[in-house]
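These notes are about the structure you will find just below.
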Number of protein chains: 2
Amino acid sequence: MSPKKPKIAVDMDEVIADALYKFVSLYNRDYNVPLDLEILPGNEIHHHVPEHANMKWFEYINEKGFFRDLPVIGGSQEVLKALQEKYEVYIVSAALEFRNSLEDKYDWLAENFPFIPWTHIMFCGEKIVNTDIIIDDRIKNFIDFNGRKLLFTSPHNQLITQYERVNTWHEVGIKLL
Amino acid sequence: MSPKKPKIAVDMDEVIADALYKFVSLYNRDYNVPLDLEILPGNEIHHHVPEHANMKWFEYINEKGFFRDLPVIGGSQEVLKALQEKYEVYIVSAALEFRNSLEDKYDWLAENFPFIPWTHIMFCGEKIVNTDIIIDDRIKNFIDFNGRKLLFTSPHNQLITQYERVNTWHEVGIKLL
């Protein structure tokens, strides 16, 4: 038997799935928010929309279909596939927050990451995972995690300095392959 | 801040949800398998059905609705509620094996265990959870788990002797409360 591979937990939204793009598209449709909106470091999308619409994201994200057609974040497919040679790669998403995201996320993964088996997908709330590495854009998921933490850059986390950061999947590949 | 509570991972099927009862009911409907069928120690339900029907469980379990109306296993609601005083109680189910189980399991938990918040529900494949205790009927989920393992009795595991066993939720309460 070959020695066990180290385990990596990889987040979905803003790490392999571009939820932010979908939010901007929907705000553009409903409130003329520009499609090339630049989100200021430290801000969330709802900081950049008309005041009367700044809770609208909650409606969008709870709709069936929101998570089904998110663009894939560049390089994630190729790098995750390469990482599987050296690591057990788990997708770990806090999907339980949104009931209607469950099937959409399952189907999205089946379409875009067919090389990840069901045994390596986890939909959770708190990320109480026992892996060696975690790649995530939300530092709340790092609090009780004992392994190596890689903060995947997203506008909302750009002002955070105390964690090892990866800006792109190319950088993840350089660090881990 | 109060000290952190120990964490418990609790399985769903055959531990808090009576999937076996549903299987027997469906086999009864389709193949006259008796409703009071006694499953021999070490056997699965499909060992007790007509040979031409012994793969039928796979069809049943993949149908929408299978997991939506399972009976609650006796005592699980009361004991889990009591355990929450002393522990962080997480429900951890290998739901990703069956896409159509995701919403059913979510809705079933909301109906029968409304006191478990979404942050404490995990639908996974492999149970790579970082908890202090696990309660499960399948020993495959114990292999990489470092904490205390409680094997919840189900016919299929009755011949297994090397793990600490709990036969009922009353026994879980006596051990952990």
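The values are calculated or read from the model by the stated rules, or taken from the named source; none is laboratory data. Worth saying up front: this structure is predicted, and the values here are computed from it rather than measured. Note that each Cβ is placed from the backbone with ideal geometry, even for glycine, and that neighbours are counted across all protein chains shown. We work out accessible area using only protein heavy atoms, side chains counted, and drop any ligands, DNA or RNA first. Shrake-Rupley method; radii C 1.70, N 1.55, O 1.52, S 1.80 Å.
Is it the case that some residue within region B:48-60 is of a type in the set (Gly, Ala, Ser) and open to solvent by 20 Å² or more (accessible area, probe 1.4 Å)? Talk me through it step by step, then tell me what you get.
Going residue by residue through region B:48-60, those that are of a type in the set (Gly, Ala, Ser) are B:53.
Subsequent filtering for residues that are open to solvent by 20 Å² or more (accessible area, probe 1.4 Å) retains none.
No, region B:48-60 contains no residue that is of a type in the set (Gly, Ala, Ser) and open to solvent by 20 Å² or more (accessible area, probe 1.4 Å).
Of all residues in region A:78-103 being open to solvent by 10 Å² or more (accessible area, probe 1.4 Å) and polar (S, T, N, Q), which is farthest from the other protein chains (Cβ to nearest Cβ)? Explain how you work it out, then say what you get.
Of the residues in region A:78-103, the ones open to solvent by 10 Å² or more (accessible area, probe 1.4 Å) are A:78-79, A:81-82, A:84-88, A:94, A:97-100, A:103.
From what's left, polar (S, T, N, Q): A:84, A:100.
Details: A:84: 14, A:100: 8 Å.
Ranking the candidates gives A:84 first.
What about residue A:116, is it without any contact (Cβ under 8 Å) to a residue 60 or more places away in the chain, in contact with a helix residue (DSSP H, G or I) (Cβ under 8 Å, 6 or more places away or on another chain) and not in a helix (DSSP H, G or I)?
On the way: without any contact (Cβ under 8 Å) to a residue 60 or more places away in the chain: yes; in contact with a helix residue (DSSP H, G or I) (Cβ under 8 Å, 6 or more places away or on another chain): yes; not in a helix (DSSP H, G or I): yes.
It is true that residue A:116 is without any contact (Cβ under 8 Å) to a residue 60 or more places away in the chain, in contact with a helix residue (DSSP H, G or I) (Cβ under 8 Å, 6 or more places away or on another chain) and not in a helix (DSSP H, G or I).
Do any residues in region A:137-148 that are assigned by TED's automatic domain parsing to the domain that holds residue A:168 have Cβ atoms under 7 Å from those of residues that are open to solvent by 50 Å² or more (accessible area, probe 1.4 Å) and of a type outside the set (D, E, K, R), where the two are at least six apart or on different chains, and which pairs are they?
A:139/A:163; A:142/A:163
Buried (at least 19 other Cβ atoms within 10 Å of the Cβ), free of Cβ contacts under 8 Å to residues at least 24 places away in the same chain, hydroxyl-bearing (Ser, Thr, Tyr) and at the interface with chain A (Cβ under 7 Å from one of its Cβ atoms): does that describe residue B:106? Even if it seems obvious, please write down each step before you answer.
Details: buried (at least 19 other Cβ atoms within 10 Å of the Cβ): yes; free of Cβ contacts under 8 Å to residues at least 24 places away in the same chain: yes; hydroxyl-bearing (Ser, Thr, Tyr): yes; at the interface with chain A (Cβ under 7 Å from one of its Cβ atoms): yes.
When the stated conditions are applied, residue B:106 passes them.
Can you name the residue in region B:128-152 that is assigned to a loop (DSSP other than H, G, I, E, B) and under 16 Å from the mean Cα position of the chain (by Cα) and is also farthest from the other protein chains (Cβ to nearest Cβ) among such residues?
At the first step, the residues of region B:128-152 found to be assigned to a loop (DSSP other than H, G, I, E, B) are B:128, B:130-132, B:137-138, B:143-147.
From what is left, the residues that are under 16 Å from the mean Cα position of the chain (by Cα) are B:137-138.
Details: B:137: 18, B:138: 13 Å.
Step by step, filter region B:128-152, then rank; the result is B:137.
I need the helices (runs of 4 or more DSSP H) fully contained in region B:7-99, keeping only those with at least 1 residues that are acidic (Asp, Glu) and under 30 Å from residue A:120 (Cβ atoms).
Hits in region B:7-99: B:56-62.
Provide a single number: the residues in region B:123-141 that are over 19 Å from residue A:144 (Cβ atoms) and of a type in the set (S, T, N, Q).
If we filter region B:123-141 for residues that are over 19 Å from residue A:144 (Cβ atoms), which is where we start, we get B:123, B:125-126, B:135-141.
When the remaining residues are screened for being of a type in the set (S, T, N, Q), the result is B:141.
Residues meeting the conditions: 1.
Let's see how each residue does on (1) under 26 Å from residue A:128 (Cβ atoms); (2) within 19 Å of the chain's Cα centre (by Cα); (3) of a type in the set (Gly, Ala, Ser):
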{"site": "A:45", "(1), (2), (3)": "no, yes, no"}
{"site": "A:60", "(1), (2), (3)": "no, yes, no"}
{"site": "A:66", "(1), (2), (3)": "yes, yes, no"}
{"site": "A:71", "(1), (2), (3)": "no, yes, no"}
{"site": "A:86", "(1), (2), (3)": "yes, no, no"}
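Can you tell me which residue within region B:113-122, out of those that are more than 7 Å from chain A (Cβ to nearest Cβ) and surrounded by 17 or more Cβ atoms within 10 Å (Cβ to Cβ), is farthest from residue A:89 (Cα to Cα)?
B:113
Hey, residue A:5 hits all of (1) open to solvent by 70 Å² or more (accessible area, probe 1.4 Å); (2) of a type in the set (D, E, K, R); (3) more than 22 Å from residue A:148 (Cα to Cα) but one; which does it fall short on?
(3)
Among the listed residues A:14, A:44, which satisfies the condition of being in the same structural domain as residue A:102 (by TED's automatic domain parsing) and closer than 30 Å to residue A:90 by Cβ?
Numbers: A:44 fails: in the same structural domain as residue A:102 (by TED's automatic domain parsing).
Among A:14, A:44, only A:14 is in the same structural domain as residue A:102 (by TED's automatic domain parsing) and closer than 30 Å to residue A:90 by Cβ.
Of (1) under 21 Å from residue B:171 (Cβ atoms); (2) facing chain A (nearest Cβ under 9 Å); (3) among the small types (Gly, Ala, Ser), residue B:125 satisfies all except one. Which?
(1)
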